[in-house]
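Notes follow once the structure below has been shown.
The values are calculated or read from the model by the stated rules, or taken from the named source; none is laboratory data. In this text, all values refer to a predicted model and were calculated from it rather than measured experimentally. Every residue, glycine as well, gets a Cβ built from its backbone with ideal geometry; the counts of neighbours run over all protein chains shown. Accessible surface is based on the protein model in full, side chains and every heavy atom, while ligands, DNA and RNA are left aside. Shrake-Rupley method; radii C 1.70, N 1.55, O 1.52, S 1.80 Å.
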Amino acid sequence: MKQHFANLIEEEESAIDMTPMLDVVFIMLIFFIVTASFVKEAGIDVNRPDAATAVQKDRANILIAISENNEIWIDKRQVDVRAVQANIERLYAENPQGSVVIQADQESNTRVLIKVMDAARSAGVYDVSVATDEE
């Protein structure tokens, strides 16, 4: 009986406890989810104009769309032109490495595009691009 009890204790000591490893894995998962930069959509589809010099832009985190009837969309919400600067300031504060990309419809008014670009510069973001399609 004593031998059986000794074998039982020995088996118990040789078992691997997986709990600390699982804790570390879950903590790492939470860390990566919190620190990941998520792609934000402007909220509408636009027909972008074609450009022969179009270049792929990385790390564009602030997307602003201008529809064909000159509506401005940020984060799937329609925004008044007077509130564009405040929205850009908020999004830029969340992600200071990001840049502003304006997705203007080819039928939209240039006046609205210039107002959005001015609002971005007034918000302190000087890396502003206009999205196009390659020819």
Seminar exercise, completed: Simple spin-label estimate for Glu89/Asp23, 7 Å along Cα→Cβ, in nm, reads 4.4
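Roughly speaking, what is the stretch gain from Val34 to Arg121, that is 0.36 nm per residue apart minus the C-alpha to C-alpha distance, in nm to one decimal? Don't skip to the end; give the middle numbers.
Values: separation 87, 0.36 × 87 = 31.32 nm, distance 2.86 nm.
Going from the current span to full extension adds 28.5 nm.
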Exercise. At what distance in nm do the modelled label points of Gln106 and Asp75 sit from each other, each positioned 7 Å from its Cα along Cα→Cβ?
Worked result: 3.2
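Per residue, how much accessible area does segment 72-135 show when a 1.4 Å probe rolls over the protein heavy atoms, in square angstrom? Write out the running numbers ahead of the final one.
Numbers: 3610 Å² over 64 residues.
Ligands and nucleic acids excluded, the result is 56 Å² per residue.
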